[in-house]
Each structure stands twice: as structure tokens, then as C-alpha cells.
Amino acid sequence: MAKVKETLMCSTCTKVECRSNYPQGIPKWCNATAFKGALEKTKTEYARADNIEIYKAAGKVVSGGYGKWPRVQEAIEFAKELKVKKIGLASCVALLNEMNLVAQLFSGAGFEVISSACQIGKVSPEDRGVAFEGIERRHMFCNPIAQAEICNESGTELNFILGLCLGHDILFTRHSKAPASVLIVKDRVTGHNPAVALYADNLRQALFKTYCNK
């Protein structure tokens, strides 16, 4: 841990020499020096069959659409690069219209689409063995694990999350057998654009007042 304290965490770095591939070599103050072992260990991971195709597809999407394609188009082109046939969509019930549009786009691009909403089956918290003291019962009906299993049983090859609640997206990803990515992040306050809270002065100031100015 002593080494970590001697280096700059990436969140506080202002030089960002990694962006230019360290023209003078990795400086001692860089966080990379504290994690040499981890960086060395992961080098060959990209050559693994289950990683290289995803890594290459991501590179092609960035090369072809950086600054030009919206996230939805990136997702479609990424799926094309992976040469998958069946796409899974897991959505919050509040974003069914958005899921319908996304499903149409993927279908139009030639993919088979399997979609499910978060409250499918309406399984009660009690039937799942979940205690919900201190939580409104109506907020405990979402079923992200079932959404993942629907994708698994349907044989989807690539899954996308559309506005699942924070935590539910983690459960979906944990149980999804296919690679999963997020297409829409739920943020009811900012119109599903979480970065706005960092850009808008009033929202940013309120966050810092809550968490940093005590």
C-alpha cells in the first residue's frame, strides 16, 4: 500500500501521459508503477479467444464511428463485428417504448431479438424469500435475474441493458451467460444522462455539498 500512496491516482492526474503512450517512459509518480504486477499479468489476457474478438470489435467500432455514431448505432455495429445472430434486450418497464425502438433497429439490421421487461412474471418478494422491511413493496417486484435467464434459455449471444435500476443491472450482468453491455443508464432526474449531474452547476454543487463539504 505504501507504493500506492507514493503515486497519483488517475482521478487526480493532470498530465495524462498515458494518452500519448508515455513518450518518456512511465514516470514514477504514475499509478501504473504501483500496479506493475497487475498490468503485466493482464497483457496476455487480450489474446484469449473469448476476449480478443470483443477487443477487436470494440476497436473497429471506435475507428469507424468515433464522434459520429450514437450509442445505439455503436451497439448495432459492434454486434455486426462480432457476427452474432441473436440479441437480448433487458429493459425497465418504464422504457418499453425505447426498447421497442431499439428492437426494431436491431431487427432491421438482421438480428433476432429477445426482449424482456423487468417485472415479467410478477413474482412477489415473498415468493423469492426476500424481506423488504424499510422498502416500499412496490419497488421489490423487478426480476433482473429472470431477465438474464430468459436470455440464457433463448441462447442470446450478446445482451443489452436498457434502464434497469442500479443494482438490478448488476444482477442481470452477473447472471447473463452472454456478454452484456449497457445501452441506456437509468437516471430519472437527468433524462437518463448521468453525466449531466457532473456538468450542470446546480446538480454538481448539490452533490458536493452533500458528500464533500461536511
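The values are calculated or read from the model by the stated rules, or taken from the named source; none is laboratory data. What you are looking at is a predicted structure, and each value in this text was computed from that prediction instead of being measured. Neighbour counts are summed over all protein chains in view; Cβ atoms, including those assigned to glycine, are modelled from backbone coordinates with ideal geometry. The area values use the complete protein model at the heavy-atom level, side chains included, leaving out ligands, DNA and RNA. Shrake-Rupley method; radii C 1.70, N 1.55, O 1.52, S 1.80 Å.
Exceeding 21 Å between C-alpha atoms, which entries from my cross-link table qualify? They are LYS86/LYS177; LYS43/LYS177; LYS15/LYS186; LYS86/LYS122; LYS36/LYS60; LYS36/LYS56.
Numbers: LYS86/LYS177 13 Å; LYS43/LYS177 24 Å; LYS15/LYS186 33 Å; LYS86/LYS122 26 Å; LYS36/LYS60 28 Å; LYS36/LYS56 24 Å.
LYS43/LYS177; LYS15/LYS186; LYS86/LYS122; LYS36/LYS60; LYS36/LYS56, as the Cα separations exceed 21 Å there.
As a rough guide to protection, the peptides 56-68, 9-21 ranked by mean Cβ packing within 10 Å, highest first, stand as 56-68, 9-21. Protein-only accessible surface at a 1.4 angstrom probe places the residues ARG71, ARG128 in the order ARG71, ARG128, largest first.
Angle of helix 144-154 to the longest C-alpha principal axis of the chain, folded into 0 to 90 degrees and rounded to 10: 80°. Between the range 195-214 and the range 1-78, how far is it from one alpha carbon centroid to the other, in angstrom? After rounding, the separation between the Cα centres reads 28 Å.
Take the solvent-accessible surface of the protein heavy atoms, probe 1.4 Å, and return the percent of it on the range 36-126 that carbon and sulfur atoms account for.
Details: 3200 of 5680 Å².
Roughly 56 percent of what the probe reaches on the range 36-126 is carbon or sulfur.
Protection proxy ranking, highest mean first, for peptides 155-168, 72-85: 155-168, 72-85, where packing is the per-residue count of other beta-carbon atoms within 10 Å, averaged. Taking the chain as the reference, fit the longest principal axis to its C-alpha atoms, fit the long axis of helix 96-108 to the helix C-alpha atoms, and give the angle between the two in degrees, 0 to 90, nearest 10. Value to nearest ten degrees: 80.
Where does each of TYR55, TYR46 land when they are ordered by accessible area, with a 1.4 Å probe and the largest first? Write down the numbers at each step before the final one.
Working: TYR55 130, TYR46 105 Å².
These residues rank, largest area first, as TYR55, TYR46.
Accessible surface for the range 17-110, divided over its residues, is 68 Å² per residue with a 1.4 Å probe.
Could you please state how large a percent of the accessible area of the range 160-214 is carbon and sulfur, counting protein chains only and using a 1.4 Å probe? It would help to have the intermediate numbers written out before the result.
On the way: 2210 of 3780 Å².
C and S atoms contribute 58 percent here.
Assign one of three labels to the range 70-214, namely rounded, prolate or oblate, based on the Cα gyration tensor with a ≥ b ≥ c the square roots of its eigenvalues; rounded applies when a/c is under 1.5, prolate when it is not and a/b is larger than b/c, and oblate otherwise. Since a/c reaches 1.5 but b/c is at least a/b, the shape of the range 70-214 is classed as oblate.
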